[in-house]
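Undergrad: Have a look at this one.
The values are calculated or read from the model by the stated rules, or taken from the named source; none is laboratory data. Keep in mind the model is a prediction, meaning the values are calculated, not measured. Don't worry about glycine lacking a Cβ; one is built from the backbone with ideal geometry, like all the others, and counts go over all protein chains shown. The accessibility values were calculated without ligands, DNA or RNA, using every heavy atom of the protein model including side chains. Shrake-Rupley method; radii C 1.70, N 1.55, O 1.52, S 1.80 Å.
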Amino acid sequence: MVIRNMAAKALDPRSIADMLDTEESYVKNVLNLLAEKIGKTDLEIAGILLNRNKTGKNP
């Protein structure tokens, strides 16, 4: 996951968002999810994000 790799290089959420041309809030959401779900694969994280977008809920 690009955001995971960028954060591992000590880039802050605002810089990541700027580089990816996305919202800082989205980057923060992904980073929070990565911190909550330690050990989950990128595919599992993507699935959780997709489910959140469909249902509007946090699984």
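Undergrad: From the list Asn5, Asn51, exactly one residue is in a helix (DSSP H, G or I) and either modelled with pLDDT of 95 or more or open to solvent by 90 Å² or more (accessible area, probe 1.4 Å) (or both). Which is it? Don't jump to the end; show me each part of the working.
TA: Details: Asn51 fails: either modelled with pLDDT of 95 or more or open to solvent by 90 Å² or more (accessible area, probe 1.4 Å) (or both).
Criteria check complete, one pass: Asn5.
Undergrad: With the requirement that a residue be farther than 13 Å from Val2 by Cβ and either touching a His at 6+ places or on another chain (Cβ under 8 Å) or not in a helix (DSSP H, G or I) (or both), what does the stretch 14-39 give you?
TA: Glu23, Lys37, Ile38, Gly39
Undergrad: Okay, moving on. Working only within the stretch 8-30, note down all residues that are closer than 16 Å to Asp42 by Cα and out of contact with any helix residue (DSSP H, G or I) (no Cβ under 6 Å at 6 or more places or on another chain).
TA: Ala8, Tyr26, Asn29
Undergrad: Oh, and also: When you go through (1) in contact with a Pro (Cβ under 6 Å, 6 or more places away or on another chain); (2) without any contact (Cβ under 8 Å) to a residue 24 or more places away in the chain; (3) open to solvent by less than 80 Å² (accessible area, probe 1.4 Å) one by one for Val27, which number turns out not to apply?
TA: If we test Val27 against (1) in contact with a Pro (Cβ under 6 Å, 6 or more places away or on another chain); (2) without any contact (Cβ under 8 Å) to a residue 24 or more places away in the chain; (3) open to solvent by less than 80 Å² (accessible area, probe 1.4 Å), just (2) comes out false.
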